[in-house]
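**Student:** First the structure, then my questions, so here it is.
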Amino acid sequence: MQRAGRLALLSVTRTVTVRRPFDPAPAVASLVAHAVPGVELVTADTVRRMVTLDGEPAVVEARLAPDCVTVRSSTGSPAALESLADRWFGLADDLGPVTAAFADDPVLGPLVSVRPSLRILGHPDGFEAAVTTVLGQQVSLGAARVFGGRLAAAYGSPGPEGLIVYPSASRLASVDPADLQRVVRITHARARTVHALAVACADGLRLQPDLVGTEADDVRARLLSLPGIGAWTVDYLALRVLGDRDALPTGDLVLRRMLRLDDARAVAVAAAPWRPWRAFAAVHLWTARAYAV
């Protein structure tokens with residue numbers, strides 16, 4: 001019955017295919033590693049979840065293939081679907097300047113030559129991405145997914161096709177941090193951070209890539225002012241959510257290991273020649289560490 005319902009939904013979908021240089025394998029692997037159980041369902045080449053399109057909730061299915069992404073939904077305009085694909089999978093970026101900037105670099109040149117179509121994976125929901133990032137601080141990806149699944153199951157709402165609609169900022173802002181700690185089974189400090197983040201977003205903190213001028217700096221400053229959020233989290237969210245292509249989490253352990261450097265300051269010095277594309281440098285280094293080429 002559920003399968004029939006899904007087929008009925010897809011039979012009336014709007015479909016948009018965005019053709020760009022695109023490397024699907026690392027994107028799918030990252031989606032699998034970070035997907036919140038029940039909220040984002042990932043198969044061999046497809047991800048399905050609820051998103052907001054033209055101000056309305058919708059089930060969206062994205063199929064990732066070499067050099068194209070096909071997005072399907074039962075609602076939303078073609079322009080909204082293309083915009084979603086651009087934001088979610090980094091398809092709006094012109095990779096030419098990135099390739100040219102890194103071509104002769106002794107560290108990044110070989111990585112770019114192997115994966116010239118690697119893009120920066122974004123997220124359709126900035127608040128969800130931020131909460132997931134906070135839950136993942138100082139724990140494994142597997143543990144972060146477990147925490148995220150508990151939070152979504154407890155405070156989200158049921159959507160079509162068995163999907164869970166991720167809880168809004170206002171919903172989590174109304175939850176006592178002690179209850180968050182008990183239900184999600186995280187530390188009190190982590191629950192307090194999630195709650196503070198929810199309150200800030202419910203009060204107007206925007207986590208999305210269309211910020212201009214000093215807005216992005218203001219978002220960074222507000223995030224840093226929250227308890228339990230430090231430079232790594234802010235830089236990571238700037239890279240994944242705010243669309244800052246020069247963002248670099250200099251304190252990231254994997255980057256330090258890949259560059260064989262001891263601390264964040266040394267990473268910042270080594271990465272200076274990679275400006276203004278340091279976010280792409282980070283993604284190439286993470287990908288080289290995580291996935292066989």
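What follows draws every value from the coordinates through simple rules; no lab data is involved. From a predicted model like this one, the values you see are computed outputs, not experimental measurements. Don't worry about glycine lacking a Cβ; one is built from the backbone with ideal geometry, like all the others, and counts go over all protein chains shown.
**Student:** To two decimal places, what compactness ratio does region 2-92 give when its Cα radius of gyration is scaled by 2.2 N^0.38 Å?
**Tutor:** Values: Rg = 12.5 Å, N = 91, 2.2 N^0.38 = 12.2 Å.
Computed over Cα atoms of region 2-92, the ratio equals 1.03.
**Student:** Could you work out the relative contact order of region 126-240, using alpha carbon pairs under 8 angstrom and six or more residues apart, expressed as a whole percent?
**Tutor:** Values: 115 pairs, mean separation 29.5, N = 115.
Over region 126-240, the number comes to 26 percent.
**Student:** Any idea what log10 I(q)/I(0) is at q = 0.09, 0.11, 0.16, 0.17 Å⁻¹ for the chain, Debye with uniform C-alpha scatterers and no solvent?
**Tutor:** Reported log10 I(q)/I(0), two decimals: -0.44, -0.66, -1.42, -1.57.
**Student:** Over region 126-240, what per residue volume does the convex hull of the Cα atoms give, in whole Å³?
**Tutor:** Working: hull volume 12.1 nm³, N = 115.
Here the figure is 106 Å³ per residue.
**Student:** Here is a follow-up. For every other residue with a beta carbon closer than 14 angstrom to the beta carbon of Val146, add +1 if it is Lys or Arg and -1 if Asp or Glu, then tell me the sum.
**Tutor:** Values: positive: Arg145, Arg150, Arg185, Arg190; negative: none.
Overall, the nearby charge balance is +4.
**Student:** Hey, quick one: spin label on Val32, modelled 7 Å out along Cα-Cβ, who in region 142-182 has an amide N within reach, i.e. under 17 Å?
**Tutor:** Answer for this model: 142-143, 145-146.
**Student:** Taking all pairs of different Cα atoms in region 1-159, averaging 1/r and flipping that mean, what Kirkwood radius in angstroms comes out?
**Tutor:** When all Cα pairs of region 1-159 are included, the Kirkwood radius is 17.0 Å.
**Student:** Where the only charges are on Cβ atoms (+1 Lys, Arg; -1 Asp, Glu), what is the dipole of the chain about its Cα centre, to the nearest 20 debye? Let's see the in-between values first.
**Tutor:** Values: 31 positive and 29 negative charges, 167 e Å.
Approximately 800 debye in magnitude.
**Student:** Counting just the Cα atoms, what span does region 77-169 cover along each of its three principal axes? Round to the nearest Å and put the largest first.
**Tutor:** Largest first, region 77-169 extends 50, 40, 22 Å along its Cα principal axes.
**Student:** Can you compute the modelled spin-label distance between Ser157 and Thr52, with each label point 7 Å from Cα toward Cβ, in nm?
**Tutor:** 1.3 nm
**Student:** Can I ask one more? Going highest first, how would you order 51-59, 35-43 by mean Cβ packing within 10 Å?
**Tutor:** Numbers: 51-59: 16.0, 35-43: 19.4.
Put in order of decreasing packing, that is 35-43, 51-59.
**Student:** Here is a further query. In whole angstrom, note down how far apart the Cα centers of region 168-190 and region 42-116 are.
**Tutor:** 32 Å
**Student:** Further, regarding this structure: With +1 on the Cβ of every Lys and Arg and -1 on the Cβ of every Asp and Glu, and nothing else charged, how large is the dipole of region 2-92 about its Cα centre, in debye rounded to the nearest 20?
**Tutor:** Details: 10 positive and 9 negative charges, 50 e Å.
The calculated dipole for region 2-92 is roughly 240 debye.
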